[in-house]
Amino acid sequence: MARAHASVTDEQEGTTRHTRSVWHSDPVPRFEAFPALRYAGSADLDEVTAPPYDVQTPEQTRALAERSPHNVVAVDVPAVVHEGADDVYAVAADTLSRWVAEGVLVADRQPSLTILRMRFTDQSGEERDLASVVGLLEVVDEGAGGVLAHERTTPKASTDRLDLTRATRANLSPVWGLSMATGLTEMLQEPGELVGRVDVDGVTHLAERVTDPQRIASITELVGSDEVLIADGHHRYAVARAFRDEKGAAGGSGLTLASVGELVPEQLSVRAIHRLYGGADHGSVREALAEYFDLTDAPIPSLAMLSDLVDKGVLALIGPDGSAEWLTPKEGAFDGVRSLDGAWLEHALAGLASESELATTYEHDMGELVEAIVSGRAHSGVLIRPVSIEEIERTARERLLMPPKSTFFTPKPITGLVLRSIE
């Protein structure tokens, strides 16, 4: 079963109200326990775990590899760690097999789920405790429903992750999914067996194993009762689909490793991904934006400005000298355009982009954005507001996609706490 479209119409007011409690028959994904592959209990997780592969620089990857010969990057990022080898993927596969044979990695004796907790203090000073559950999520065809993308993704030509999956026959880092089933957070409150803890950059990561069949059945049934939205790992999920198509669903390739949390505000920390512009000049960007926004002087960019964006309902344009202007949407300027800052900017700059090949890049750190502009690597930037949880769900339920890089979910789960061998 699955839950209904996320909105119903108020006939008296002609407006739309948000709800999550109506039922429908849209496809829902399977979610299953499996014998997880983990570092042996004697391992120092601080030495062998790593950030997700796609947020590492080559220098960071090499530094992680130097921490321990058993750091997960030796398998997860072989193009850097084994640079110069005839076949880096074969080396990664041999390394993984050797670790299993030597007892560096040990498979659970029975199917399990793993509760991952991330405890930290967010930018506003609020203590956060995020929980998700790691299992195997069904791999479905694009557009089939059940597992949904939430934003358009930029194409990646590299076959690196597919080549790595082919060689290792393993899922090394999970897709991060958000379940639209109500009650998952409450179901994950009871702790499981603690099998790992590591503190990284102010975030405490905990891994708790669940093996009780009754509890596993309750969790997997709930996750499988509604759609799952991909928060992070769209490319990994696409690779899982390609691998399934190559191998067929037999042998476990119709499922992929996923960490699934509930799509509710208290379980998510969402930051904005701001825009940097090059390929045209600042004056042209400012002129194009002025057709849709009123521009007024703003203070020098600071962290306080990020809160002001939300409080004032505005965006902020940063110029080449680091100065800033508020961008206040003109009345009616975005009628018919989805109420997302990224969509507004795409609409306002569409003409300029087609005429002058305006180049757009993305930056979630405001300090890095300002530095890029002042140093000349970009001529303009726009600070935008985080997307609300309600808008994320509404967009998914309506089978729409947000612009690329609309959301930055943070903190990122680390790699190495749970791996999966594809049998």
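Observations on the structure shown:
- Globularity index of the stretch 164-310, i.e. its alpha-carbon radius of gyration over 2.2 N^0.38 Å: 1.48
- Considering only the chain, percent of DSSP beta bridges that pair antiparallel, nearest 5: 90 percent
- Highest average first, the peptides 134-147, 197-210 ordered by how many other beta carbon atoms sit within 10 Å of their residues are 134-147, 197-210.
- Loop-located trypsin sites (Lys or Arg not before Pro) across the stretch 39-143 with a Cβ neighbour count of 13 or fewer within 10 Å are ARG109, with loop assigned by DSSP.
- Comparing ALA63, ALA231, ALA92 in a Gaussian network model of the chain, where Cα atoms under 10 Å apart are tied by springs, the biggest mean-square fluctuation is seen for ALA63.
- Neighbour-count order for PHE243, PHE34, fewest beta carbons within 10 angstrom listed first: PHE243, PHE34
- Alpha-carbon centroids, the stretch 261-279 and the stretch 37-116: separation in whole Å: 28 Å
- Based on Cα atoms of the stretch 273-385, Rg over Rh with Rh as the Kirkwood radius reads 0.92.
- Proximal aspartates and glutamates to LYS247, defined as alpha-carbon separation beneath 14 angstrom and excluding residues fewer than eight positions away on the same chain: ASP163, GLU423
- Over the stretch 91-234, the ratio between the Cα radius of gyration and 2.2 N^0.38 Å evaluates to 1.18.
- Helix-only mean residue ellipticity at 222 nm for the chain, each DSSP H run of n ≥ 4 adding -39500 (n - 2.57), per residue, nearest 500: -8500 deg cm²/dmol
- Computed on the Cα atoms alone, the convex hull of the stretch 267-317 gives a volume of 119 cubic angstrom per residue.
- More than 43 Å apart - percent of Cα-Cα pairs taken over the chain: 15 percent
- Kirkwood hydrodynamic radius (C-alpha pairs) into Stokes-Einstein, the stretch 225-269, 4 °C and 1.567 mPa s, D in µm²/s: 107 µm²/s
- With neighbours defined as other Cβ atoms within 10 Å of a residue's Cβ, the residues ASP94, ASP108 order from fewest to most as ASP94, ASP108.
Laboratory data are not the source of any read-out in this text; all were calculated from the coordinates shown. Fair warning: this is a prediction, and the values are worked out from it, not measured in the lab. Virtual Cβ from ideal backbone geometry, glycine too; neighbours counted across all protein chains shown.
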